[in-house]
Amino acid sequence: MLQDIKVLNQKDTRSGFGEGIVEAGRRNPNVVALTADLAGSLKLNQFIKEFPDRFIQCGIAEANMIGVAAGLTIGGKIPFTTTFANFSTSRVYDQIRQSVAYSKKNVKICASHAGLTLGEDGATHQVLEDIGMMKMLPGMTVIVPCDFNQTKAATIAIANYEGPVYLRFGRPVWPNFTAEDQPFEIGKAQVLAEGADVSIIACGHMVWIAVEAARMLAEEGIHADLINIHTIKPLDEAAIIKSLKKTGAVVTAEEHQQNGGLGDSVANVAGRECPVPHEYIAVKDSFGESGKPVELLTKYGLTKENIVAAAKKAIARKKA
């Protein structure tokens, strides 16, 4: 299966969101886009062109944007709020908790420029704790697609999903490798390759890096179960348990803090159902810094080489 994974082109995931929301708007007249002074950065120009009466510019007032979105749901609208991931969560967590999650409003919180790969904007904008913040909210669905095509598919899918959603994507141009016509099922893991030696479970930009790591391992005769967990919540526990029982060791990879992210979710499942050696590829209790995306991934230990080393360590631990 690894040999069948090919890069189709290089595109940024935020552009996948931009195309997805246009398609969602064409299919459903209740889809509305809101932004906090970042229409260009969130790739909303085509949506605004086609549906000018369904676009609301809220200005640099993110808390107000969340409140407006919650109100729009009362009239049957499906609001998509858009800004950077840091401003989509940390700045407005109270409004999300009270007006969206607690009230069970059908708001889609769409967050770009997440993680270290935001790059030169630095630590103040590189939110690395948002997955943890959002997955802890009761009733909140959390989705982290891996490339342009999957982000587009996820954006279309959440328009048809009833309930609050946090959709996380990024800024950099990145390998686009999943199928253009893929079905996107919320809460269903995507198995990219099968192996019996170690499970590699990743999300977001780290999925492609995990593919490269799995290829490196295969060259050494180590075969990985490779799983893309695009939905952090609800988590596909059955897929995780099946993989861990087969391989007996796991590596999780994410562009997020080790505390509170995908790795914690996998560890929770493993601890309850099938404890195995677990190695984490994630940011270790640190803020980011300004730099080029790939250089930052290297500095903070989020590379294919890091995944390979972690996989070997996890395998050695199960044999000890």
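The values are calculated or read from the model by the stated rules, or taken from the named source; none is laboratory data. Computed from a prediction, not measured in an experiment: that's the story for all the values here. Methodologically, a virtual Cβ is constructed for each residue, glycine included, from the backbone with ideal geometry; neighbour enumeration extends over all protein chains shown.
With respect to G221, is the statement that it is in a loop (DSSP other than H, G, I, E, B) and touching a strand residue (DSSP E or B) at 6+ places or on another chain (Cβ under 8 Å) true?
Working: in a loop (DSSP other than H, G, I, E, B): yes; touching a strand residue (DSSP E or B) at 6+ places or on another chain (Cβ under 8 Å): no.
It is false that G221 is in a loop (DSSP other than H, G, I, E, B) and touching a strand residue (DSSP E or B) at 6+ places or on another chain (Cβ under 8 Å).
Which ones in segment 248-264 are part of a helix (DSSP H, G or I) and buried (at least 23 other Cβ atoms within 10 Å of the Cβ)? Step through it out loud before you land on a result.
Within segment 248-264, the subset part of a helix (DSSP H, G or I) is 262-264.
Hits for segment 248-264 are L262, G263.
Every residue, every condition in (1) within 17 Å of A154 (Cα to Cα); (2) outside the structural domain of H256 (by TED's automatic domain parsing), yes or no:
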site: P172; (1), (2): no, yes
site: D181; (1), (2): yes, yes
site: F184; (1), (2): yes, yes
site: D197; (1), (2): no, no
site: I201; (1), (2): no, no
site: G204; (1), (2): yes, no
site: V207; (1), (2): yes, no
site: A210; (1), (2): no, no
site: A213; (1), (2): no, no
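Residues that are outside the structural domain of N86 (by TED's automatic domain parsing), touching a Gly at 6+ places or on another chain (Cβ under 7 Å) and not in a helix (DSSP H, G or I): does segment 297-320 have at least one? Checked against the condition, which is being outside the structural domain of N86 (by TED's automatic domain parsing), touching a Gly at 6+ places or on another chain (Cβ under 7 Å) and not in a helix (DSSP H, G or I), segment 297-320 yields no hits at all.
Residue under question is G75, and the condition is that it be more than 14 Å from R14 (Cβ to Cβ), of a type in the set (G, A, S) and without any contact (Cβ under 8 Å) to a residue 24 or more places away in the chain; does it hold? Spell out how you get there, then give the answer.
Details: more than 14 Å from R14 (Cβ to Cβ): yes; of a type in the set (G, A, S): yes; without any contact (Cβ under 8 Å) to a residue 24 or more places away in the chain: yes.
So G75 fits the description; yes.
On the stretch given as segment 135-148, residues that are in contact with a strand residue (DSSP E or B) (Cβ under 6 Å, 6 or more places away or on another chain) and either surrounded by 24 or more Cβ atoms within 10 Å (Cβ to Cβ) or modelled with pLDDT under 95 (or both) total 6. Summed over segment 309-320, the residues that are modelled with pLDDT of 95 or more and farther than 13 Å from A202 by Cβ give a count of 7. Scanning segment 270-293 for residues that are more than 20 Å from E129 (Cα to Cα) and assigned to a helix (DSSP H, G or I) yields A270, G271, R272, E273.
If only one of A282, A267 is small (G, A, S), surrounded by fewer than 21 Cβ atoms within 10 Å (Cβ to Cβ) and either over 16 Å from A316 (Cα atoms) or assigned by TED's automatic domain parsing to the domain that holds F169 (or both), which one is it? Let's see the steps before the verdict.
On the way: A282 fails: surrounded by fewer than 21 Cβ atoms within 10 Å (Cβ to Cβ).
Answer to the selection: A267.
Return the only residue of G119, G132 being in contact with a Pro (Cβ under 9 Å, 6 or more places away or on another chain), small (G, A, S) and either surrounded by fewer than 24 Cβ atoms within 10 Å (Cβ to Cβ) or under 22 Å from G260 (Cα atoms) (or both).
Testing whether each residue is in contact with a Pro (Cβ under 9 Å, 6 or more places away or on another chain), small (G, A, S) and either surrounded by fewer than 24 Cβ atoms within 10 Å (Cβ to Cβ) or under 22 Å from G260 (Cα atoms) (or both) leaves just G119.
Here are the criteria: (1) in a helix (DSSP H, G or I); (2) crowded, with 18+ Cβ neighbours inside 10 Å; (3) not charged (D, E, K, R). Tell me which single one Q98 does not satisfy. With (1) in a helix (DSSP H, G or I); (2) crowded, with 18+ Cβ neighbours inside 10 Å; (3) not charged (D, E, K, R) applied to Q98, the lone miss is (2).
Identify, please: which residue in segment 170-190 is of a type outside the set (F, W, Y) and closer than 28 Å to H125 by Cβ and is, among those, surrounded by the most Cβ atoms within 10 Å (Cβ to Cβ)? The extreme case among them is G170. Right, R26: modelled with pLDDT of 95 or more, surrounded by 21 or more Cβ atoms within 10 Å (Cβ to Cβ) and of a type in the set (K, R) or not? Answer is no for this residue. Residue-level check: of (1) farther than 18 Å from T117 by Cβ; (2) not assigned by TED's automatic domain parsing to the domain that holds K108, V165 misses just (2).
Table: residues versus (1) within 22 Å of T178 (Cβ to Cβ); (2) free of Cβ contacts under 8 Å to residues at least 40 places away in the same chain.
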{"residue": "Q3", "(1), (2)": "yes, yes"}
{"residue": "Q10", "(1), (2)": "yes, no"}
{"residue": "P29", "(1), (2)": "no, yes"}
{"residue": "L38", "(1), (2)": "no, no"}
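The residues of segment 52-82 that are within 14 Å of A39 (Cα to Cα) and aliphatic (A, V, I, L, M), listed by number, are I56, I60, A61, M65.
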